[in-house]
There are 2 protein chains.
Amino acid sequence: MPSSKEPISVKLSHYEALKFSAEVGERSVQLNSNEEMGEAFTPMELFLVALAGCTAMDVQFIVERQRQKMDRFEVTISGTRRDQDPRYFESIEIRYSLAGTGLRRDAVERAIRLSQEKYCSVRAMVKDTVKLNVTYAITDGTEPEELYTYVPSPG
Amino acid sequence: MPSSKEPISVKLSHYEALKFSAEVGERSVQLNSNEEMGEAFTPMELFLVALAGCTAMDVQFIVERQRQKMDRFEVTISGTRRDQDPRYFESIEIRYSLAGTGLRRDAVERAIRLSQEKYCSVRAMVKDTVKLNVTYAITDGTEPEELYTYVPSPG
């Protein structure tokens, strides 16, 4: 992934209740704590978007470099929070769903492994605190998809 | 913070290059890897928004419960990435800026401490991997703001 060494900066401004507006350069996204979300997101939702986005881009990038062609690529992510404070995600499920003609399972799994274990920055930041359960599904678009469980490398 | 036990789920769909659309319920946010961002965000930007949002809401909530009144509350966050893969944030600077009449420094610091050490879920997930440097600034709106360094509790 190309990326610069410049720090990344964000500014949040409170405007009412637990609502904040986050400015990233000239872009903005709204935050709220819960309910009546409108166009806003909770911090924990955005964390999941960040984690899924990070690994999705890695896998997209690597699968293209493997000269495999995807017609469709989706990543779903679901996190369950702890009961006690701090109520972070005790476990997160990630599923990669790929559709394309002639996709090779071993190459897809290798792309996922490279992201999970080498490249995904968000994953790396939480690797000692969050249990990730990873699966992937492959279909050529005519047959039903085959579902596989990703097994992390030992150690 | 009120929050339910329901899992939080997000679905990302690839549409071109390294661009994905993330759906969270009926809301959506766009992701891209770099440059020509339009309305999109990078995963690492959204991670910072999630972290800042998490602690900003805690502090807002606690300061209100302390019956302190803020006229303005902003949180700025800036992260510097590692040179090597995975290029996660090796350090993150967070500054809380509060303006209000009669804000008490000790109470503000206590609110920040409760968030940093007890409540902030995003913080808790990265506490062993990311060095956080935290400062806070307080002003009554007439005098220049006073800047303080937050010192984490030992252990």
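Where a number appears in this text, it was derived from the coordinates with a stated rule and is not lab data. Just so it is clear, the model here is predicted, and its values are computed rather than measured. Note: ideal-geometry Cβ built from the backbone for every residue, glycine included; neighbour counts use all protein chains shown.
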Ordered by residue, what ³J(HN,Hα) values in Hz, to whole numbers, does region B:15-31 give under the Karplus form 6.51 cos²θ - 1.76 cosθ + 1.60, where θ = phi - 60° and Gly and Pro are x? 10, 6, 6, 10, 9, 10, 9, 9, 9, 10, x, 9, 9, 8, 9, 9, 10
Region B:1-41: radius of gyration and largest Cα-Cα distance (Dmax), Å: 12.9, 38
Given all pairs of distinct Cα atoms, chain B yields a Kirkwood Rh in Å of 17.5 Å
So if a site counts as exposed when it's one of the trypsin sites (Lys or Arg not before Pro), its DSSP state isn't H, G, I, E or B, and it has at most 10 other Cβ atoms within 10 Å, what's the longest stretch of chain B without one? B:68-155
Between copies, how far apart are the B:GLU145 label points? List them in nm, one decimal, shortest first, with each point 7 Å from Cα toward Cβ, please? 4.6
Kindly flag which residue pairs out of A:LYS5/B:LYS69; A:LYS69/B:LYS127; A:LYS11/B:LYS19 have an alpha-carbon separation exceeding 28 Å in this structure. A:LYS5/B:LYS69; A:LYS69/B:LYS127
Where does the protein assembly as shown land at 222 nm, in deg cm²/dmol rounded to the nearest 500, when only DSSP H runs of n ≥ 4 count, each adding -39500 (n - 2.57), divided by all residues? -7500 deg cm²/dmol
How long are the semi-axes of the equivalent ellipsoid of the protein assembly as shown, taking √(5λ) for every eigenvalue λ of the Cα gyration tensor, in whole Å from largest down? 37, 18, 18
